[in-house]
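I have placed the structure first, in the form of structure tokens, so that the comments after it can refer back to it.
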Amino acid sequence: MVAAAAAAFVLFFLLWWMLQSEDTPWVPAGLAASVVMLVAASARQVLMQRTLRRHVLAQERHGRHRESYMRNSPKRRNFHSITIQTEAFRTLQKRAAEADANDSFPEDHLAVYKLCVDYLASAEEALLSPVLPSENRLGLIAGQERVRALQRKHMLAWARGAARSLTHEAQQRVRLHEKIEIANRALDCLDSALKVYPEAGELDQSAGAVREFIMSSRVAHWVELAERAAFKGYYRRAIDCYRDALFYLTRDTLDQNREAAAEQITREIDLLRARLDTQKAGRSVVEATVTAKKTRRKRKEL
């Protein structure tokens, strides 16, 4: 800009000297000098804009490179992973509290169990990082222990709640096959939990109660059929139905209640056999009487 000013100054005096014969030589000289200054100022503005643009682009490239480096750096990844684990643990605790407060829905406990599985998997992946700080590593390990306890608690709660709900539903059904089908679904829930936690003795007790319900439903079904058949006089069919009931009753280990029920069914079978024998004897007497009458008629005819 200084050179442009000097050039304009020289041009002004040069034109003023050359145009001394004119009335106002300083006017064209001033205009020429002004044009030189304007051109120089415009050129300077263009150069400054280009320089500024190149500087901004260079800064943006540098910023993107730095951001990419920070994002992909091990420390950044570890920090991001720890943040995710912290948020996941808070969400898990919140969902667990909601499931405990609303214990009537077993599906809530199952959802918490699945969240625990996801958390443990992501925490295990984070622990594989070689640059993870020791304090963060200890925090993740402690978090895993707490989540494992929550995982076991909610898995058992889901299994108990689902089995209880399905058993109650089975009790409301009328048809035997529907009762057994729904009760078997309850057993499947308990068995799936026992595969994960085989040491859970309370689930064995729940499974035993469901199996007892299935057995009692079958026995009650066959006893009812036997009573109907006996009422109609079909003693042989009633005996067969009682035998089926006795089969389901004595198939597993007998306890005091089962032994008492088996003795009662056995007495009913004995009574039905006695009635059947009486019925056969009565039929024999009737048949003998009819045969005797026919014989006497034939003799009279002869």
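The numbers here are math on the coordinates, done by the rules we state, and not lab data. For clarity, every value in this text was computed on a predicted model and none was experimentally measured. Cβ coordinates were reconstructed from backbone atoms using ideal geometry, including for glycine residues, and neighbour counts include every protein chain displayed.
Counting every other Cβ atom within 10 Å of each residue's Cβ, 223, 112 order from fewest to most as 223, 112.
One chain, two ends: residue 127 and residue 191. Fully extended at 0.36 nm per residue, the span grows by 19.8 nm beyond their Cα-Cα distance. Sparse packing (at most 12 other Cβ atoms within 10 Å of the Cβ) combined with a DSSP loop state is found for the following GluC sites (Glu not before Pro) in segment 175-217: 199.
Across segment 208-220, coupling constants 3J(HN,Hα) worked out from phi with the 6.51/-1.76/1.60 Karplus curve, θ = phi - 60°, read x, 5, 5, 5, 5, 5, 4, 5, 5, 5, 5, 4, 4 Hz, and Gly and Pro carry x. With the simple model of a label 7 Å out from the Cα in the direction of the Cβ, residue 49 to residue 101 spans 6.2 nm. The phi-based Karplus calculation (6.51 cos²θ - 1.76 cosθ + 1.60; θ = phi - 60°) puts the 3J(HN,Hα) values of segment 164-179 at 5, 5, 5, 5, 4, 5, 5, 5, 7, 7, 9, 6, 5, 5, 5, 4 Hz, whole numbers, x for Gly and Pro.
For 154, 177, what ranking results if the residue with the fewest other Cβ atoms within 10 Å of its Cβ goes first?
Listing 154, 177 from fewest to most nearby Cβ atoms yields 177, 154.
Distance between the pseudo-spin-label points of residue 117 and residue 184 (7 Å out from Cα toward the beta carbon): 2.4 nm.
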